[in-house]
Amino acid sequence: MSARLAADALVALHLAFIVFVVAGGALTLVDRRWAIVHLPAVAWAAWTEFTATVCPLTPWENVLRAKAGEGGYSEGFIEHYIVPVVYPQGLTPGAQFALGVGVVVLNAVVYAIAWRRHARARAAERPPQHMTRGA
């Protein structure tokens, strides 16, 4: 695989991770076991936004692009449509912090809904109290 293809694959992976962080909580509405992988992803994303940390995929991509002899992004599908979403211009530490808060709040709401649904489903599966006591 060429360095350029590897760099493009990293950008696609980066975008998929972002989509999973933002929307992956909805998977817990179907099966709460998704929380096992989703919550750590949300924690990582929130931490990187709150601390203005650079994701390790970014320098790795830059190294691969340099190996491919690219000085910058050439106009291809990945660069034109995906890169601006992953690396928006004018991203300030304040904006990053707001994004982190947004991710946490959005996922807290989704998890509250999922928790209520699962609690209701468990309650519906239990027999009424008067039927579980000795007659």
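The table for this structure:
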quantity: Residues located in region 78-129, provided they are modelled with pLDDT under 85, of a type in the set (Val, Ile, Thr) and open to solvent by 80 Å² or more (accessible area, probe 1.4 Å); calculated: 85
quantity: Region 28-71, residues that are closer than 16 Å to residue 17 by Cβ and over 17 Å from the mean Cα position of the chain (by Cα); calculated: 59, 60, 61
quantity: Residues being within 16 Å of residue 4 (Cα to Cα), at pLDDT 75 or above, open to solvent by 50 Å² or more (accessible area, probe 1.4 Å) and not in a helix (DSSP H, G or I) - total across region 52-77; calculated: 1
quantity: Residues satisfying the stated conditions in region 86-104, i.e. more than 14 Å from residue 50 (Cβ to Cβ) and outside any loop (DSSP other than H, G, I, E, B); calculated: 86
quantity: Matching residues, region 1-11, being over 15 Å from residue 82 (Cα atoms) and exposed (fewer than 14 other Cβ atoms within 10 Å of the Cβ); calculated: 1, 2
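This table checks each residue for (1) under 16 Å from residue 85 (Cβ atoms); (2) of a type in the set (A, V, I, L, M, F, W, C).
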| site | (1), (2) |
| --- | --- |
| 16 | yes, yes |
| 24 | no, no |
| 28 | no, no |
| 31 | no, no |
| 38 | no, no |
| 41 | no, yes |
| 46 | no, yes |
| 50 | no, yes |
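Okay, residues lined up against (1) surrounded by fewer than 18 Cβ atoms within 10 Å (Cβ to Cβ); (2) of a type outside the set (Lys, Arg); (3) touching a residue at least 12 places away in the same chain (Cβ under 8 Å):
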| position | (1), (2), (3) |
| --- | --- |
| 13 | yes, yes, yes |
| 16 | yes, yes, no |
| 24 | no, yes, yes |
| 40 | yes, yes, no |
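The values are calculated or read from the model by the stated rules, or taken from the named source; none is laboratory data. Keep in mind it's a predicted model, so treat the numbers as computed, not measured. Glycine also receives a Cβ, built like all others from the backbone with ideal geometry; neighbour counts cover every protein chain displayed. These accessible areas exclude ligands, DNA and RNA; they are computed on the full protein's heavy atoms, side chains included. Shrake-Rupley method; radii C 1.70, N 1.55, O 1.52, S 1.80 Å.
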